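Worksheet for the structure shown next.
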Amino acid sequence: MPAMPPPSSPRASAAVAGWRDAGHPKAAAGRQDITADHANARLDARVEMVPGPRAGLGRLGFAGQERMRESRLRAIAGFPQGEVFSPAAIARSADRLRRTGAFRAITLTEADQIAPDGTLDVTAAVIEEAPRRLGFGAELASFDGLTLTGYWMHRNLLGGKGANLAEMVNIGVPVPPGFTISTEVCTLYTANGREFVVDAIRAEVEENMRKVEQVMGSGFGDAENPLLMSVRSGARASMPGMMDTVLNLGLNEQTLQGLTRKTGNERFVWDSYRRFVQMYGDVVMGMKPANKEEEDPFDVIMEHLKEERGAVNDQDLTTDDLKELVKRFKKAVKDQTGKDFPEDPWEQLWGSVMAVFESWNNPRATYYRKMHNIPAEWGTAVNVQAMVFGNMGDTSATGVAFTRDAATGENIFNGEYLVNAQGEDVVAGIRTPRQITKEGSLRWAQLQGVSEEERIRNYTSLEELFPELYKELFDQQQKLEKHYRDMQDLEFTIQEGKLWMLQTRNGKRTGPAMVKIAMDMLRENWLNEEEALLRVEPNKLDELLHPVFDKAELAKAKVLAKGLPASPGAATGQIVFFADEAAEWAAQGKKVILVRIETSPEDLAGMDAAQGILTARGGMTSHAAVVARGMGKCCVSGAGAVNISYKNRVMTIDGQEFKEGDFISLNGTTGEGF
């Protein structure tokens, strides 16, 4: 819960919102003028809350925002625009909150006196809150205030991810605790810089961190019992992969030892540390390839070490190997940036938060906003969340799932996961992911020509490997789709046999999937006709008219490689290996196929310009697959027979070389390349 502002700061309000309090009602007072003093809500005798805009507009020097402040106060209190703030209106808002079930009882009291300025002081009092089980054996009364009914209103301030996390908590989905720094703080960062923002929100961040520590029973930066955190972006409009994330914050030479003693799993600890150094070095310290023909410097270091040790996969590296890897990573950071890798957990946290704000204006995010008409002034929120770990061994896993097929719209739960991994492994295509459902695994094996014996041995579905956890995951995805009444894109982690949900959002889908899902939900009585019609985006309808290959010609064609049908359609063009050159060739009127080992957010402009996308790595939930579906681009991902040399600008398939400029064709519906 944010601390109360001093009486001398009547306009001060919270910039940081904790998800666990997503049920407290707000009472705003006054018939005409709204002031923060009269908007104070007193909740039972334990805590005091200040509603109002989620960034401290007055305290942080924002001026001329009176009309916006009133609008936000109305939103937070649950009032439609134009409705007078009155005791009766507040009572109606409280009644709506009562019906959500978050509180056992709510009462409202009114002041007898009308203040000289004409405002009426109205106070909302929570009598008894229904406790919620949060995991780790702890119960916690929510620690920041957002109305349950205010989801759509609050996403403007909390971003889509932050608002969804709060909503997930309220409906009983297991979510690791955390808090959100609002989108308006991003705007303040852009205008005023790092030092100004850190000084302005430091107290609120530290207070909310203490709340997370209480729930988790560990301390951020505590050498004996360390708490690790993640920092993720979250704009109000979904922008998958366009902004930055940092995981495993809080690790240093001291906390490494404490976490090792706590978990008894030294390899897991060093694996987490090497991931943190790699991600922080890239996102915050700017360790990038020197040019487009070079690979990621951290990947190069890791591949060299794997060659030295005779390791095939990352999992083959021993604890001593990982220690050596961290040593080499840190040396590379020092050599390239001239800076030592930070040891102070709070320095790590502030660096990560500011890097996420900075990523709102990076080239790929700017390009994506232009593509989707997202205003630059919206900014992004930052979600600071306790880490849960999918890389703690063979009873841990991580994955991405869709409640319906995002490519075809088929009403079938689907997705991919990896055992003993963290989330970026799945979307980056570093390892071949497994299918979540048995049906999906059987379909994948058929497409890849994998025998049933090999499938069971190496590519077992989550449903078969962890049947009880799969059932829990299936139930949660049903709950979330029913709650949001739309197809959901989910991220989850299993830590030593316990399921945690990390995110949900309305899933990106192709044009055909968009129409099918809308019509299916209409027939299932989830939507009425008007709602179903509004789910159909006019600019995606042209995807229904995208070209397909002539069946007779297709039968004559020679299949060069098979991958996954990541995004349907047909495409023919010249091979191009680099995204910027794909955009240049397309501007010259050439039709191109972007061919990559795996795509990254930096490839967005080239993906947009290409006729189709082919990747050697990655699955149906990889970056290439998700972004291509959102664009309506033909995409074949995870074509394992494809070997690519960026330096030589050559693609090799079964000994046959294809150079830049050669023509190939892709069938995104079947996952074939010709």
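Suppose R0 equals 35 Å. What FRET efficiency, 1/(1 + (r/R0)^6) with r the Cβ-Cβ distance, do residue 195 and residue 257 give to the nearest 0.05? List each step's numbers first, then the result.
On the way: r = 33 Å, r/R0 = 0.93.
Given R0 = 35 Å and the Cβ-Cβ separation, E is 0.60.
When the scattering of region 240-395 is computed by the Debye formula from its Cα atoms alone, each counted once and equally, what is log10 I(q)/I(0) at q = 0.08, 0.09, 0.11, 0.13 Å⁻¹?
Scattering profile of region 240-395, log10 relative to I(0): -0.27, -0.34, -0.50, -0.69.
Given the alpha-carbon gyration tensor of region 284-332, what are the semi-axes of its equivalent ellipsoid in whole angstrom, ordered largest first, with each equal to the square root of 5 times an eigenvalue? Mind dumping the intermediate values first?
Working: eigenvalues 87, 35, 11 Å².
Each semi-axis is √(5λ); the values are 21, 13, 8 Å.
Figure the gain on full extension for residue 456 and residue 552 (residue separation times 0.36 nm, minus the Cα-Cα span) and round it to one decimal in nm.
Working: separation 96, 0.36 × 96 = 34.56 nm, distance 3.60 nm.
Gain on extension, residue 456 to residue 552, equals 31.0 nm.
Relative to 2.2 N^0.38 Å, what does the C-alpha radius of gyration of region 176-224 come to as a ratio? Two decimals please.
On the way: Rg = 13.1 Å, N = 49, 2.2 N^0.38 = 9.7 Å.
Here the answer is 1.35, to two decimals.
Please provide three numbers in whole Å: the alpha-carbon extents of region 446-564 along the principal axes, with the largest listed first.
49, 46, 22
When the Karplus curve 6.51 cos²θ - 1.76 cosθ + 1.60 is applied with θ = phi - 60°, which whole-Hz ³J(HN,Hα) does each residue of region 485-500 get, with x for Gly and Pro?
For region 485-500, the Karplus curve yields 6, 7, 5, 10, 9, 10, 10, 9, 9, 10, 10, 6, x, 10, 8, 10 Hz.
What do you reckon, how do 540, 438 stack up by accessible area (1.4 Å probe), largest on top?
Numbers: 540 20, 438 90 Å².
The ordering from most to least exposed comes out as 438, 540.
Just how far, in whole angstrom, is region 229-301 from region 349-404 if you go by their alpha carbon centroids?
Measuring centre to centre over Cα atoms gives 13 Å.
Run the reach check for residue 211 against lysines, Cα to Cα strictly under 26 Å, same-chain hits fewer than 8 apart removed. What comes back?
26, 161, 262, 498
Tell me, what ³J(HN,Hα) does each residue in region 345-360 have, in order and in whole Hz, if you take phi through Karplus 6.51 cos²θ - 1.76 cosθ + 1.60 with θ = phi - 60° and put x for Gly and Pro?
Per-residue couplings from phi come out as x, 6, 4, 4, 5, 5, x, 5, 4, 5, 5, 5, 4, 4, 5, 4 Hz.
Quick check: pseudo-label points 7 Å beyond the Cα along Cα→Cβ at residue 587 and residue 347, how many nm apart are they?
4.1 nm
Would you list the P(r) distribution for region 429-510, with all Cα-Cα distances sorted into 10 Å bins from 0 and each bin expressed as a whole %?
Pair shares across the bins are 16, 41, 35, 8.
Rounded to the nearest 5, what % of DSSP beta bridges with both residues in region 541-647 are antiparallel? Let's see the in-between values first.
Details: 3 of 13 bridges.
Bridges in region 541-647 are about 25 percent antiparallel.
Per residue of region 219-226, what does 6.51 cos²θ - 1.76 cosθ + 1.60 with θ = phi - 60° give for ³J(HN,Hα)? Whole Hz please, x for Gly and Pro, Karplus curve as stated.
Per-residue couplings from phi come out as x, 5, x, 6, 5, 8, 9, x Hz.
Multiplying the sequence separation of residue 171 and residue 472 by 0.36 nm and subtracting their Cα-Cα distance, what value in nm do you get? Intermediate results must be reported in sequence, preceding the final value.
Numbers: separation 301, 0.36 × 301 = 108.36 nm, distance 1.48 nm.
Full-extension gain reported as 106.9 nm.
Below 13 Å, Cα to Cα, which aspartates and glutamates can residue 633 reach? Residues fewer than 8 away in the same chain don't count.
542, 543, 608
Provide, in order from the shortest bin, the percent of all Cα-Cα pairs of region 582-674 in each 5 Å bin, continuing until the bin that contains the maximum pair distance.
3, 14, 27, 28, 19, 8, 1
Using a 7 Å offset from the Cα along the Cα-to-Cβ direction at both residue 237 and residue 411, what is the distance between the two label points in nm, to one decimal?
A separation of 3.1 nm, rounded to one decimal place.
Using every pair of alpha-carbon atoms in region 367-519, split the distances into 10 Å bins beginning at 0 and state the percent of pairs per bin, rounded to integers.
Cα pair-distance distribution for region 367-519, in percent: 11, 35, 36, 15, 3, 0.
How high is the relative contact order of region 357-515, given as a whole-number percent (alpha carbon pairs under 8 Å, six or more residues apart)? Kindly include the intermediate steps, with their values, before the conclusion.
Working: 266 pairs, mean separation 40.5, N = 159.
Relative CO of region 357-515 lands at 26 percent.
Under the 0.36 nm per residue contour assumption, what length would be gained going from the current alpha-carbon distance of residue 528 and residue 541 to full extension?
On the way: separation 13, 0.36 × 13 = 4.68 nm, distance 2.01 nm.
Difference between extended and current length: 2.7 nm.
Rounded to the nearest 0.05, what FRET efficiency is calculated for residue 203 and residue 370 with R0 set to 30 Å and r the Cβ-Cβ distance?
Details: r = 37 Å, r/R0 = 1.23.
Rounded to the nearest 0.05, the efficiency is 0.25.
Pop the C-beta distance of residue 465 and residue 580 into the FRET formula with R0 = 41 Å and round what comes out to the nearest 0.05.
Values: r = 41 Å, r/R0 = 1.01.
Calculated transfer efficiency: 0.50.
The values are calculated or read from the model by the stated rules, or taken from the named source; none is laboratory data. Computed from a predicted model, the values in this text were never measured in an experiment. Quick reminder, even Gly has a Cβ in these numbers, built from the backbone with ideal geometry, and neighbours come from all protein chains shown. These area figures cover heavy atoms from the full protein model, side chains too; ligands, DNA and RNA do not enter into them. Shrake-Rupley method; radii C 1.70, N 1.55, O 1.52, S 1.80 Å.
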